[in-house]
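Quick notes on the structure that follows.
The values are calculated or read from the model by the stated rules, or taken from the named source; none is laboratory data. Owing to the predicted nature of the structure, the values given are computational and were not obtained by experimental measurement. When we count neighbours, we look across all protein chains shown, and the Cβ atoms used for this are built from the backbone with ideal geometry, even at glycine. Heads up: the accessible areas ignore ligands, DNA and RNA and are worked out on the full protein's heavy atoms, side chains in. Shrake-Rupley method; radii C 1.70, N 1.55, O 1.52, S 1.80 Å.
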Amino acid sequence: QVQLVESGGGLVQPGGSLKLSCTASGRILTIKDMGWYRQAPGKQREMVASITRNGSTNYPEFVKGRFTISRENSKNTVYLQMNSLIPEDTAVYSCTADVANYREGVYHEYLYWGQGTQVTVSS
């Protein structure tokens with residue numbers, strides 16, 4: 001099995017910054033794409049950033065220029081640097097990892113999710 005553990009959430013004032021981290025552990029051959037999603041109360045879950053293994057990134061318009069995703073492949077870790085935070089960024093943030101491994105000699109790929117970390121932007 002594979003576990004994703006996030007850290008770095010919390011309460012921050014508007015205009016402030018936070019950096020989230022997410023580390024994968026367990027039976028891992030390689031991790032392909034990694035990403036961050038968020039879900040605010042009463043709203044649908046939305047993607048906020050993604051990154052391929054070789055570092056190509058993708059962001060929706062509403063976070064471009066404010067959020068930066070990065071990863072350390074040697075540590076199976078993905079980061080989300082969030083700057084210029086606004087109250088609308090308040091949500092539970094979850095990381096994802098597209099993990100490849102072998103189970104009983106058979107190649108598998110599966111998308112794993114972290115448990116989520118709360119980010120609250122408020123004065």
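Let me see the pair-distance distribution of the chain: every alpha carbon pair, 5 Å bin width, integer percents in order.
Percent of Cα pairs in each bin: 2, 12, 22, 23, 18, 11, 7, 3, 1, 1, 0.
Using label points projected 7 Å from each Cα along Cα→Cβ, tell me how many nm separate HIS108 and GLN39, to one decimal.
It is 2.3 nm.
Using Cα-Cα distances under 8 Å and only pairs 6 or more residues apart, what relative contact order does the chain have, in percent? It would help to have the intermediate numbers written out before the result.
Values: 307 pairs, mean separation 43.3, N = 123.
Across the chain, relative contact order equals 35 percent.
Given Cβ point charges of +1 (Lys, Arg) and -1 (Asp, Glu) and nothing else, what value in debye, to the nearest 20, does the dipole of the chain about its Cα centre take?
Values: 12 positive and 10 negative charges, 27 e Å.
Dipole of the chain, to the nearest 20 debye: 140 debye.
Residue by residue through the range 68-76, what is 3J(HN,Hα) from phi via Karplus (6.51 cos²θ - 1.76 cosθ + 1.60, θ = phi - 60°)? Round to whole Hz and write x for glycine and proline.
9, 9, 8, 8, 10, 4, 5, 10, 6
Averaged per residue, what accessible surface does the range 1-51 expose to a 1.4 Å probe, in Å²?
Details: 2800 Å² over 51 residues.
Value returned for the range 1-51: 55 Å² of accessible area per residue.
Could you look at the chain and say what percent of its accessible area is carbon and sulfur, using a 1.4 Å probe and all protein chains? Walk me through the numbers on the way to the answer.
Working: 3160 of 6670 Å².
Looking at the chain in its full context, I get 47 percent from C and S.
Using θ = phi - 60° and the Karplus curve 6.51 cos²θ - 1.76 cosθ + 1.60, what whole-Hz ³J(HN,Hα) does each residue of the range 12-23 get, with Gly and Pro shown as x?
For the range 12-23, the Karplus-derived couplings read 9, 7, x, x, x, 10, 9, 10, 9, 10, 8, 10 Hz, x marking Gly and Pro.
May I ask you to evaluate 6.51 cos²θ - 1.76 cosθ + 1.60, the Karplus curve with θ = phi - 60°, for each residue of the range 89-98 and list the ³J(HN,Hα) values in order in whole Hz, giving x for glycine and proline?
In residue order, the calculated couplings are 7, 4, 4, 8, 9, 10, 9, 10, 9, 8 Hz.
Could you tell me the calculated FRET efficiency between SER7 and ASN58, based on Cβ-Cβ distance and R0 = 22 angstrom, to the nearest 0.05?
On the way: r = 23 Å, r/R0 = 1.05.
The pair SER7/ASN58 has a calculated efficiency of 0.40.
Give a quick list of trypsin sites (Lys or Arg not before Pro) in the range 51-85 that DSSP marks as loop, anything other than H, G, I, E or B, with at most 11 other Cβ atoms within 10 Å. Walk me through the numbers on the way to the answer.
Values: sites: ARG53, LYS64, ARG66, ARG71, LYS75; in loops: ARG53, LYS64, ARG66.
When the trypsin sites (Lys or Arg not before Pro) of the range 51-85 are filtered for loop state and at most 11 Cβ neighbours within 10 Å, LYS64 remain.
Obtain the radius of gyration and the Kirkwood radius of the range 64-123 from its C-alpha atoms and give Rg over Rh. Walk me through the numbers before you get to the answer.
Working: Rg = 15.5 Å, Rh = 13.9 Å.
Ratio of gyration radius to Kirkwood radius: 1.11.
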